[in-house]
1. Just to be sure I understand, how many residues within the stretch B:82-91 are facing another protein chain (nearest Cβ under 7 Å) and buried (at least 19 other Cβ atoms within 10 Å of the Cβ)?
2. Looking only at the stretch A:128-153, how many residues end up being farther than 22 Å from A:ILE103 by Cβ, open to solvent by 10 Å² or more (accessible area, probe 1.4 Å) and facing chain D (nearest Cβ under 7 Å)?
3. In this structure, does D:ARG98 turn out to be of a type outside the set (Phe, Trp, Tyr) and either within 14 Å of chain C (Cβ to nearest Cβ) or farther than 22 Å from D:ARG140 by Cα (or both)?
4. Residue by residue through the stretch A:39-51, note down the ones that are out of contact with any helix residue (DSSP H, G or I) (no Cβ under 7 Å at 6 or more places or on another chain) and surrounded by fewer than 23 Cβ atoms within 10 Å (Cβ to Cβ).
5. Starting from residues that are of a type in the set (Phe, Trp, Tyr) and farther than 19 Å from C:GLN125 by Cβ, keep the ones in the stretch C:44-76 and report whichever is farthest from the other protein chains (Cβ to nearest Cβ).
6. Does A:ILE94 satisfy the criteria of being farther than 16 Å from A:GLU15 by Cα and aliphatic (A, V, I, L, M)?
7. Among what's in the stretch D:8-18 and is out of contact with any helix residue (DSSP H, G or I) (no Cβ under 8 Å at 6 or more places or on another chain) and either in contact (Cβ under 8 Å) with a residue 60 or more places away in the chain or open to solvent by less than 40 Å² (accessible area, probe 1.4 Å) (or both), pick the residue that is farthest from the other protein chains (Cβ to nearest Cβ).
8. Mind listing just one residue for me: the one in the stretch B:45-101 that is of a type in the set (Gly, Ala, Ser) and more than 17 Å from B:GLY145 (Cα to Cα) and, of those, nearest to the chain's Cα centre (by Cα)?
Protein chains: 4
Amino acid sequence: MAETSNAATASMAPELQTSGWFNTPRPITLASLRGKVVVLHTFQIFCPGCVQVGIPQAQRIYQEFDPDRVAVIGLHTVFEHHAVMGPDALEVFIHEYRLRFPIGIDKYDGEPKGIPLTMHAYRMQGTPSLVLIDRTGHIRLHKFGHVSDLTIGFSIGTLLSEEIDESSGMAEAIPTGSGGSACDTDGCSV
Amino acid sequence: MAETSNAATASMAPELQTSGWFNTPRPITLASLRGKVVVLHTFQIFCPGCVQVGIPQAQRIYQEFDPDRVAVIGLHTVFEHHAVMGPDALEVFIHEYRLRFPIGIDKYDGEPKGIPLTMHAYRMQGTPSLVLIDRTGHIRLHKFGHVSDLTIGFSIGTLLSEEIDESSGMAEAIPTGSGGSACDTDGCSV
Amino acid sequence: MAETSNAATASMAPELQTSGWFNTPRPITLASLRGKVVVLHTFQIFCPGCVQVGIPQAQRIYQEFDPDRVAVIGLHTVFEHHAVMGPDALEVFIHEYRLRFPIGIDKYDGEPKGIPLTMHAYRMQGTPSLVLIDRTGHIRLHKFGHVSDLTIGFSIGTLLSEEIDESSGMAEAIPTGSGGSACDTDGCSV
Amino acid sequence: MAETSNAATASMAPELQTSGWFNTPRPITLASLRGKVVVLHTFQIFCPGCVQVGIPQAQRIYQEFDPDRVAVIGLHTVFEHHAVMGPDALEVFIHEYRLRFPIGIDKYDGEPKGIPLTMHAYRMQGTPSLVLIDRTGHIRLHKFGHVSDLTIGFSIGTLLSEEIDESSGMAEAIPTGSGGSACDTDGCSV
């Protein structure tokens, strides 16, 4: 099975770059989700594999797990046919499919065209892609295509069981940037 | 099971009123399909029941039956969220779902708004709707929602087996309009 | 699709040879079903393809069609592991799976061993096998493995639509045996 | 979702009482599986919910997880129709469904009749039942009927992540029986 990668060598998950959200009163950042396991599900509304397999799976995860411990986040990563997959179409899709979990719109550098920014930062291969982020913000599973419910359930169980080292992991979530430092989404270095 | 209605009392199927087509070199009229059984499948691209059940069923029918005897026709009958279900979005949907059968766009009287003309003429209740039209152009099954493969197969088998009375049924397909007559899509009356 | 064979060249369906029945007050013969289309579904209780696909399909057919026009008949054609697929095991299977249509036990020439008599007479390749018999008792579709609901529905619709030639077909169903003649299940010859 | 119970208050899993095994060169005891998470799946070969849902799920678990860490064990707990669900029938079932994981036969106190011993010891409500046993031999999830893949995956991930307290948990797995002790299937206490 696809297993989660080692905590010690995992990369920090790049922050989401979004241009809009549904099903949430305010934009969601990964930084604000530290302490929870994050299930990031990316899709496109005209991607058959997303609509038939990925989205129903995201809904099952959202329904089965406690939102205080597991955050299910959808991300509309449109990398083709941009003209017909804008925010209005996404809104109708979310409404008609009765999706309840927060769904963001991946942002473009300028006009919608090519691969959006978050998708690019994660080097995703396409849609659907699934990213599991641990409670300290590190990417522990990243897969294009179908991932079984057993694997996802197992990974969530594993990540929720990890002890968080307050002196390291959580510190990353509260970066204390200082003047002159080089900062990226992982934190700041002197 | 939902059975086909009696041939003697069936209504003529109103002619399709369309503003565009995919998967066909030229517009398709029901009149041109006389002699074949027509499976008319109406849908909307953001209707979950259509995408998950109706469209795959239409594909199965298209794959199983001889196109010289059974014509599978899709019709995009958009009656809500018109702004995001235009021809461009439909084209992407057809491409991504790899649909091969002819699909028309139900026409509006003016701007896309409310119920389109063909949907209105058939008094359809919503999407998906299935209409089976016999070889003389009469509506023999008309159902909103799910219809089983067994029922559709049975109905096609029944309608293909009917003898066509050349003196009545086929005459409707070859209207011999005369001067001064009032003609509609069903034929012409004096 | 698998289509029904031509009525003119079809073979008469060999009569069922059974050693017991469930879900019927008395043994069923094909001869007694003349005038109906017969759906003969053969299976074994430890055949995964039968239990997962064939049996549920037979149930759907039984539920959708009028029993006065379409007779669904199950036949337990055990050709392996005879010791554990006897009548007692079949009875439990029928009870637990809540099957309601008549199910016969294919008979052996002597002890249960090898291929039973009806299965042999039909030259079936294995289980599940589906046989469609028209209203005059002729085999019109005979297939080993999976047959789609569309195909079965279509075939039933086609066979139910056929006119029965009273001077030939039905005569077979009402054999008027005369002294000294050789009769078989097809009729009687002088 | 159905969550695993607390390790501190969980009961020790009663030892399996079996009269035979398939897919294993020698009988399997829970005691021998200490250190692994055990997925105990109980079923009957004529139980539709087992055949259609439970058994395929057990196969998925067996295929997805490392057998050195997760032991999938089937147990045939026949509590009705004993005459037709004996070892010979079970053997054919295992062969035809191509099951590869070890499957034991729940034992009776005397002749096969009523509820077998392991099923009784676990107070199972019926088949299918799923029992998850942690690495120290404690029951952490016990459910009659369907359990989702997400829940099972999550529970396995959680149980595999638990630290084993050598001074307590593992001690149970390595009972150091002393004279005069009271022993049960869990081990022996002074």
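The values are calculated or read from the model by the stated rules, or taken from the named source; none is laboratory data. These figures come from a predicted structure and were not determined experimentally. Because the Cβ atoms are built from the backbone with ideal geometry, glycine has one as well, and the counts that use them run over all protein chains shown. The area values use the complete protein model at the heavy-atom level, side chains included, leaving out ligands, DNA and RNA. Shrake-Rupley method; radii C 1.70, N 1.55, O 1.52, S 1.80 Å.
1. Residues of the stretch B:82-91 facing another protein chain (nearest Cβ under 7 Å): B:83-84, B:88-89.
The next check asks that each one be buried (at least 19 other Cβ atoms within 10 Å of the Cβ); those that pass are B:84, B:89.
Final tally of qualifying residues: 2.
2. The qualifying residues number 1.
3. Details: of a type outside the set (Phe, Trp, Tyr): yes; either within 14 Å of chain C (Cβ to nearest Cβ) or farther than 22 Å from D:ARG140 by Cα (or both): yes.
When the stated conditions are applied, D:ARG98 passes them.
4. If the condition is that a residue be out of contact with any helix residue (DSSP H, G or I) (no Cβ under 7 Å at 6 or more places or on another chain) and surrounded by fewer than 23 Cβ atoms within 10 Å (Cβ to Cβ), then A:GLY49 is the only one that fits.
5. In the first step, residues of the stretch C:44-76 are kept if they are of a type in the set (Phe, Trp, Tyr); the result is C:46, C:62, C:65.
Subset that is farther than 19 Å from C:GLN125 by Cβ: C:62, C:65.
Values: C:TYR62: 11, C:PHE65: 7 Å.
Step by step, filter the stretch C:44-76, then rank; the result is C:TYR62.
6. Values: farther than 16 Å from A:GLU15 by Cα: yes; aliphatic (A, V, I, L, M): yes.
Taking the combined requirement at face value, the residue satisfies it.
7. From the stretch D:8-18, those out of contact with any helix residue (DSSP H, G or I) (no Cβ under 8 Å at 6 or more places or on another chain) are D:8-11, D:13; that's our starting set.
When the remaining residues are screened for being either in contact (Cβ under 8 Å) with a residue 60 or more places away in the chain or open to solvent by less than 40 Å² (accessible area, probe 1.4 Å) (or both), the result is D:10-11, D:13.
Working: D:ALA10: 16, D:SER11: 21, D:ALA13: 19 Å.
Per the stated criteria, the residue is D:SER11.
8. It comes out as B:ALA71.
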